[in-house]
Amino acid sequence: MRVPKLAWSDEVPDPPDPGHLYELTSRPANYESTRDTFTTRITPLERFYIRNHFDIPTEMADWKLELKGLVAKPRTFTLAELEKMKQYTVEAVLQCAGNGRGLFVPRVAGVQWRWGAMGNAEWTGVRLKDLLAAAGVAKDAQHVQVQGAEKPTLPQTPAFIRGIPLAKAMHPDTLVALRMNGQPLSPHHGFPARLVVPGWVGDDWMKWLATIEVRADEPKGFFYETGYRFPQTPGKPGEAVPPDQMKPMTKLVVKSQLGSISDGDVIKAGKNELVGVAFSGEARIKKVDVTVDGGTTWQPAKLDSHDSNYGFRLFRYTWDAKPGKATVAVRATDSAGAVQPTTPVWNPSGYLYNAVEMISVEVRS
Amino acid sequence: MNRAFCILLVLGAACRSEDKPAPAPTPPPQPTPAPPVVTIDRDALLAGKLPDGAPETEIVNAQCRICHSVEYLTQQRLGEGAWKKTIDKMRKFGANLSDEQAASLVAFAAKYWNADLPGRTWSPGPPPAGALPAAPK
């Protein structure tokens, strides 16, 4: 793998089918996956959602990763140097903080993601802890601030800067990934390198990773100090939350979603296999329950034998559907005991939507 | 069934009579200029288009689109307060709007893209250029 010049200006060849992504905004590119994407454990690259704050960077031929701040030996890494280091693979769900924002009532501002701003991939790259060890982290270090090569269009717009606590940065599963599902990262997914913070919300998974700064204090900038924060004590829907009650998001929350049916579908009476995915942040999926009568009765779905710390857990349920109208829903419970709520947890930016979703279908004989 | 409908926006209708200066004793007769007529049909609105002919559409094209495409605006369904907050944030982020332009943009956005308008219509398509790994070179 080498750094191609302006690789992302290459035209995408005509797809073999109409495609599986909804264009929510064309610039910057924000695309969500169609619902039927969530019937496989690993999300194919051509279906994987895309989330950008700004235009993707195009001047990447001289890309280097800079590691600086509270370290004994500040240094840079070229892509070739990163590739020579020991590579690790972690399967993990990447989910946008705002996935499901478009489902909140009252409505909140932002990209109106519904169900498709999530995906599960096998991420391969170097451990962040190995890079930090190569530079020598100072004793008073507490945080790792990260920034990508992207730049806002206007100088007044704050740069996208994020950060994670040193303990999460030193976790053996936290990677600087070079590959996704075995392929080099695409430009929209952060080529040549992105941060992978398994179990944590996507805003920390910095793309086109250019700078890692080890610090004693918390990261700075709008997108850390104001953006991507969640109320410590959620208030009433529609109410503002004082800034001192907001803290940075960390872990994903337990969620499950059907992929094989959508609201409004007409299905055939008889045996239907319901398929979907479930995941949680730093816990595993313990069970997924299914209702086909609007929540009156619940039955356990069959969990796929493939289980992982941070990935999708595929589930299936065979439903012997009788003619008429039916309301179907799934509800996951994780190994820490967290259960999906009936109503979403209100927060002013519409983050971490994980309410049980009621899907109305019509069964015809 | 034809779901299309037409929205007419008569500019200046909100001007209150007490704000007007006292009329001159003998005003010369003048033809009344036709107010700008702004039209958009419902399907276009649901598909994320901006109304034609509105001065605010020109502001959106000149300012908002420096950084992002119009669907960023047209997929929102917000009340006036939330629109004001959003446009204030965009001004901090570099949108070059006078106070008057910002106020008129807030009213314009809240008029069309509020909670009464159903969610946007979407159709799936292929990934954008740059979404897949580059071919080996």
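The values are calculated or read from the model by the stated rules, or taken from the named source; none is laboratory data. Keep in mind that this is a model prediction, so the values were computed, not measured. Neighbour counts are summed over all protein chains in view; Cβ atoms, including those assigned to glycine, are modelled from backbone coordinates with ideal geometry.
Residue B:109 fulfils the conditions (1) in contact (Cβ under 8 Å) with a residue 24 or more places away in the chain; (2) assigned to a loop (DSSP other than H, G, I, E, B) except for a single criterion, (2).
When B:130, B:81, B:119 are checked against the criterion of being of a type in the set (Gly, Ala, Ser), touching a Pro at 6+ places or on another chain (Cβ under 7 Å) and at the interface with chain A (Cβ under 10 Å from one of its Cβ atoms), B:130 stands alone in meeting it. Just the residues that are loosely packed, with under 15 Cβ neighbours inside 10 Å and either outside any loop (DSSP other than H, G, I, E, B) or of a type in the set (A, V, I, L, M, F, W, C) (or both), please, taken from the stretch B:41-54. Passing the criteria: B:43, B:47, B:52. Kindly indicate whether any position in the stretch A:83-95 is surrounded by 17 or more Cβ atoms within 10 Å (Cβ to Cβ) and at pLDDT below 95. Looking through the stretch A:83-95, none of the residues is surrounded by 17 or more Cβ atoms within 10 Å (Cβ to Cβ) and at pLDDT below 95.
Looking across the stretch A:262-283, just one residue is surrounded by 20 or more Cβ atoms within 10 Å (Cβ to Cβ) and β-branched (Val, Ile, Thr), and that is A:277. Inspection of the stretch B:84-103 finds a residue satisfying the criterion of being away from every other protein chain (no Cβ under 12 Å), free of Cβ contacts under 8 Å to residues at least 60 places away in the same chain and acidic (Asp, Glu).
The residue list A:251, A:271 contains one member that is among the basic types (Lys, Arg), closer than 20 Å to residue A:363 by Cα and either touching a helix residue (DSSP H, G or I) at 6+ places or on another chain (Cβ under 6 Å) or free of Cβ contacts under 8 Å to residues at least 60 places away in the same chain (or both), which is A:271. Among the residues of the stretch B:53-78, just one is free of Cβ contacts under 8 Å to residues at least 12 places away in the same chain, at the interface with another protein chain (Cβ under 10 Å from one of its Cβ atoms) and farther than 16 Å from residue A:53 by Cβ, namely B:65.
Filtered by the rule that a residue be surrounded by fewer than 16 Cβ atoms within 10 Å (Cβ to Cβ), in contact with a strand residue (DSSP E or B) (Cβ under 7 Å, 6 or more places away or on another chain) and at negative phi, the stretch A:307-330 gives A:307, A:318, A:320, A:322, A:323, A:325, A:327. If you check A:134, A:121 for being out of contact with any Cys (no Cβ under 9 Å at 6 or more places or on another chain), more than 22 Å from residue A:32 (Cα to Cα) and small (Gly, Ala, Ser), only one passes: A:134. Do we find that residue A:109 is at pLDDT 95 or above, in a loop (DSSP other than H, G, I, E, B) and more than 24 Å from residue A:279 (Cβ to Cβ) in this structure? In short, yes. Of all residues being farther than 18 Å from residue A:209 by Cβ and of a type in the set (A, V, I, L, M) in the stretch A:51-78, which is nearest to the chain's Cα centre (by Cα)? Just the residue, please. Checked the stretch A:51-78; the qualifying residue nearest to the chain's Cα centre (by Cα) is A:70.
Restrict the check to the stretch A:214-227 and report whether at least one residue is farther than 26 Å from residue A:177 by Cβ, in a helix (DSSP H, G or I), without any contact (Cβ under 8 Å) to a residue 40 or more places away in the chain and of a type outside the set (Gly, Ala, Ser). Within the stretch A:214-227 (the criterion being farther than 26 Å from residue A:177 by Cβ, in a helix (DSSP H, G or I), without any contact (Cβ under 8 Å) to a residue 40 or more places away in the chain and of a type outside the set (Gly, Ala, Ser)), the answer is yes, since at least one residue qualifies. When the stretch A:79-115 is filtered for residues that are within 10 Å of the chain's Cα centre (by Cα) and within 13 Å of chain B (Cβ to nearest Cβ), only A:98 remains.
Note on the stretch A:60-81: residues that are assigned to a loop (DSSP other than H, G, I, E, B) and either touching a Lys or Arg at 6+ places or on another chain (Cβ under 7 Å) or over 19 Å from residue A:178 (Cβ atoms) (or both) amount to 6.
Listed here are the residues, each with its yes/no results for (1) more than 14 Å from every other protein chain (Cβ to nearest Cβ); (2) out of contact with any strand residue (DSSP E or B) (no Cβ under 6 Å at 6 or more places or on another chain); (3) under 20 Å from residue A:96 (Cα atoms).
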| residue | (1), (2), (3) |
| --- | --- |
| A:188 | no, no, yes |
| A:199 | yes, no, yes |
| A:202 | yes, no, yes |
| A:206 | yes, no, yes |
| A:213 | yes, no, no |
| A:246 | yes, no, yes |
| A:250 | yes, no, yes |
| A:260 | yes, no, no |
| A:268 | yes, yes, no |
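Under the condition of being touching a Leu at 6+ places or on another chain (Cβ under 8 Å) and either part of a strand (DSSP E or B) or touching a residue at least 60 places away in the same chain (Cβ under 8 Å) (or both), the residues counted in the stretch A:167-183 number 8.
Return yes or no: is residue A:48 closer than 26 Å to residue A:169 by Cα, over 14 Å from the mean Cα position of the chain (by Cα) and within 11 Å of another protein chain (Cβ to nearest Cβ)? Here the answer is no, as residue A:48 does not meet what is asked.
Identify, please: which residue in the stretch A:116-142 is farther than 30 Å from residue A:258 by Cα and in a strand (DSSP E or B) and is, among those, nearest to the other protein chains (Cβ to nearest Cβ)? Per the stated criteria, the residue is A:125.
Among the residues of the stretch A:341-351, is there at least one that is surrounded by fewer than 13 Cβ atoms within 10 Å (Cβ to Cβ) and under 25 Å from residue A:104 (Cβ atoms)? Yes, the stretch A:341-351 contains a residue that is surrounded by fewer than 13 Cβ atoms within 10 Å (Cβ to Cβ) and under 25 Å from residue A:104 (Cβ atoms).
Within the stretch B:65-85, the set of residues being part of a helix (DSSP H, G or I) and buried (at least 20 other Cβ atoms within 10 Å of the Cβ) comprises B:71, B:72, B:73, B:74, B:82, B:83.
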